[in-house]
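Novice: Before I ask anything, here is the structure I am working with.
The values are calculated or read from the model by the stated rules, or taken from the named source; none is laboratory data. Keep in mind that what you see is a predicted model, and the values were worked out from it rather than measured. For neighbour counting, all protein chains shown are included, and Cβ atoms are generated from backbone atoms with ideal geometry for every residue, glycine included. Just so you know, the surface numbers come from the protein's heavy atoms only, side chains and all, with ligands and any DNA or RNA stripped out. Shrake-Rupley method; radii C 1.70, N 1.55, O 1.52, S 1.80 Å.
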Amino acid sequence: MAYDYQAVHALDGMIGAIAERRANHLSVHRTMAIAMVLAGPGQTAEAAGILVSNGEFEARFSGPGEWLVLSQVHAPETLAAELSVRLGGFAFVVDQSHGRVVLTLSGPDAARILANGIAVDLHADAFPVGRAANVLCNHLSLNLVRTGDQSFDLVVMRSFAGALVDDLKVMARSHDLSVDFATR
Amino acid sequence: MASLISCPHCGTRPKEEFFIRGDANPVRPAPMATDEAWNDYVHLRVNPRGRIREHWQHVAGCRRWLVVERDNFTHEVFAVTDAAKAGEGAR
């Protein structure tokens, strides 16, 4: 029996009804190639070297010897296989493209909004551009990375995406925030 | 309760990010050890006041197991080490 599978975004129907852009904007990416990479025992340096030397991958620190790898170059269907080939026996790769949702929060109050729920110092000196960390946002664990002076990427488990967007709206209540999909 | 824990991998984080397993001192007996040894290991715990060693897991961060040395009376945290590193000396 053949099935027709249809990719439905975790936030379809919850956001995107109003296309508007305020001072601070939360942009939800529709598709993103994501994989989790865990280096083999004692092979952290080798795996990190392969990930860093390649401009096609963006490796975000998740834990010691563990990275969340995103790619703008590879498709969600091929990233995990590509990483497995490149990393060989140095690391284990698990595809997360449909398991996680990527959100970009940008605007002059981005750090202030996040500070309402995240207990990590987000000052540019303490959390510079490119720094990534797994953090607790209210009750949700997510991967946070600073992509610019005024922009952050949040990667959250798919089933928590709705709760996270609701939380962010509450956290941004005293700031001007709009929420929409990155592509319509 | 000590409220700020300096995770060796993630930096200073609030205690809400962690799960606390308990005393880090009991050493698992050999599989065929006496029932008394297993009973002690599974059920008996000392209840000290002062400096203690505990296993904490950074569930909302790096998800690593840590050994936190803290004072349960003054809430002072003395040391936080990765459990894999802390265990190397004991093994």
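Novice: Does A:I113 satisfy being within 13 Å of chain B (Cβ to nearest Cβ) and in contact (Cβ under 8 Å) with a residue 12 or more places away in the chain?
Specialist: no
Novice: Still on this model: Before we move on, is A:L136 surrounded by fewer than 20 Cβ atoms within 10 Å (Cβ to Cβ), within 11 Å of chain B (Cβ to nearest Cβ) and either modelled with pLDDT of 95 or more or under 20 Å from A:I34 (Cβ atoms) (or both)?
Specialist: No; evaluated as a whole, the condition is false for this residue.
Novice: Does B:R64 meet the test of being among the basic types (K, R) and free of Cβ contacts under 8 Å to residues at least 40 places away in the same chain?
Specialist: No, not satisfied.
Novice: Also, I was wondering about something else. So which residues in the stretch A:12-37 are closer than 20 Å to A:D95 by Cα and open to solvent by less than 80 Å² (accessible area, probe 1.4 Å)?
Specialist: A:V28, A:H29, A:M32, A:A33, A:I34, A:A35, A:M36, A:V37
Novice: What is the number of the single condition among (1) within 13 Å of chain B (Cβ to nearest Cβ); (2) free of Cβ contacts under 8 Å to residues at least 60 places away in the same chain; (3) crowded, with 17+ Cβ neighbours inside 10 Å that A:D121 does not meet?
Specialist: So A:D121 meets the others, but not (3).
Novice: Could you list, in sequence order, the residues of the stretch B:44-82 that are more than 9 Å from the chain's Cα centre (by Cα), assigned to a strand (DSSP E or B) and acidic (D, E)?
Specialist: Correct list: B:D71, B:D82.
Novice: Assuming A:P64 fulfils every condition listed in (1) in contact (Cβ under 8 Å) with a residue 40 or more places away in the chain; (2) surrounded by fewer than 19 Cβ atoms within 10 Å (Cβ to Cβ) apart from one, which condition is it?
Specialist: Failed condition: (1).
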